[in-house]
Structure formats: structure tokens, C-alpha cells
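Taken together, the values in this text are just the output of simple stated rules run on the coordinates, not laboratory data. Model, not experiment: these values are computed from the prediction. Virtual Cβ from ideal backbone geometry, glycine too; neighbours counted across all protein chains shown.
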Ligand SMILES: [Zn+2]
């Protein structure tokens, strides 16, 4: 889809990779939350530097999950995009990755 490819063209390779196969999280620390019996686990993506914060209650259940995305990671949609129901699909990301590889795509010869 042309619209989707136009949107993805400027995205950094690392961001495209994480959109395609998800973030690779590394645990950065677990912290007590002052004044509560809850705690926060902080994770960082080893590919794109996205950060994830999982907040747990005293019952060890996740209460909230937040992300801090690096600048340029998120794709914004205009009002026009929303009206037309435009959303980036995983297939769009796959197409962009293959386009970037182009002629460099090696030929599969089996395992
Ligand atoms: Zn990532």
C-alpha cells in the first residue's frame, strides 16, 4: 500500500525491526515504590532503546504498563488518515523491510 510505504520510508532501521519482530527486552531493574507495597520493573529494548515500566501491586499483579518510545519511533495519524481508516499493518512493515534489502536479499537454500 503506497500510503503505508510513504509513512514507513523515513523510519530508522531499528524502529522498523522492532515494529516487525517486537522489542527485545532486557531487565534494567526492579524498584520499590515509596509509600506503597508495590514495585516497578524497568526494561529496555536492546535494539531501539524503547523503555517499558511494569507497575505491580502488593499482590504481584500488573497494575499498569507504560512505554517511553524513542523520538521518531511512533507514527502519528492525521484526521484524514483516521477518517479513511488508515492503520499500519504488520504486512506493511514486512514490505518496507524487504524493499530496503532489495537486491541484497540472499537466496534461501535450505538449512
Ligand atoms: Zn525496540
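Points worth noting:
- Stokes-Einstein diffusion coefficient of the chain, Kirkwood radius over Cα pairs, 20 °C, 1.002 mPa s, in µm²/s: 128
- Residues of the stretch 1-32 with amide N under 19 Å of a point placed 7 Å along Cα→Cβ from residue 80: 1-10
- Hull-based mean projected area of the stretch 5-70, where the convex hull spans the alpha carbons, in square nanometres: 5.2
- Cα pair distances exceeding 15 angstrom across the stretch 4-43, given as percent: 60
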